[in-house]
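Here's the structure we're looking at; comments come further down.
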Amino acid sequence: MSQASAARESPPSVYHERQRLELCAVHALNNVLQQRLFSQEAADEICKRPLSQLALPQVLGLILNLPSPVSLGLLSLPLRRRHWVALRQVDGVYYNLDSKLRAPEALGDEDGVRAFLAAALAQGLCEVLLVVTKEVEEKGCWLQTE
């Protein structure tokens, strides 16, 4: 008997959270860990706490997925969409490279980009992706261990 047919006959007990609201990251974590370990509040707290531990010089850039209001001209609609935004350091200055801006917006030094990130995370429903080299990822040195 093949593994596939055996799996159909006696399925294993597999933990699976279904989508609720826009909590797919929480559901994905719990599904991978095969138990409910993370709540929205716990995941939000974890996201806020490593912010101060980011080793920004090791990070090539950041990509944020943010809530974005929908409007028709001057009329703002009660809809929320998602928008991806890039942050990057160039010549010692961090920039918001949002494609909706007319030009890059200077955020300043590390304190400036951390303030921008804190404000984005405070809005809720914000995801932050770090862009690092393969070497940095393998060593895990994008976080400060101090």
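The values are calculated or read from the model by the stated rules, or taken from the named source; none is laboratory data. If you're wondering where the values come from, they're calculated on a predicted model, not measured in any experiment. Ideal geometry is used to build each Cβ from the backbone, glycine not excepted, and the neighbour counts take in all protein chains shown. Note: accessible area is taken over every heavy atom of the protein model, side chains too, but ligands, DNA and RNA are not part of it. Shrake-Rupley method; radii C 1.70, N 1.55, O 1.52, S 1.80 Å.
Extending each Cα 7 Å along its Cβ direction at L37 and Q144, get the distance between those two points in nm, one decimal.
So the two model labels end up 2.6 nm from each other.
Can you work out the FRET efficiency for the pair A122 and R20, with r the C-beta to C-beta distance and R0 = 25 Å, to the nearest 0.05?
With R0 = 25 Å, the Cβ-Cβ based efficiency is 0.65.
Rounded, prolate or oblate, given the Cα gyration tensor of segment 30-146, with a/c below 1.5 counting as rounded?
oblate
Residues with amide H under 5 Å of L54's amide H, sequence separation 5 or more or different chain, H placed in the peptide plane at 1.01 Å from N; which?
Answer set, sorted by chain and number: Q144.
Accessible area of K134, 1.4 Å probe, to the nearest 10 Å²?
150 Å²
Restricting everything to alpha-carbon atoms, can you work out Rg to Rh for segment 50-102 with a Kirkwood hydrodynamic radius?
For segment 50-102, the value is 1.11.
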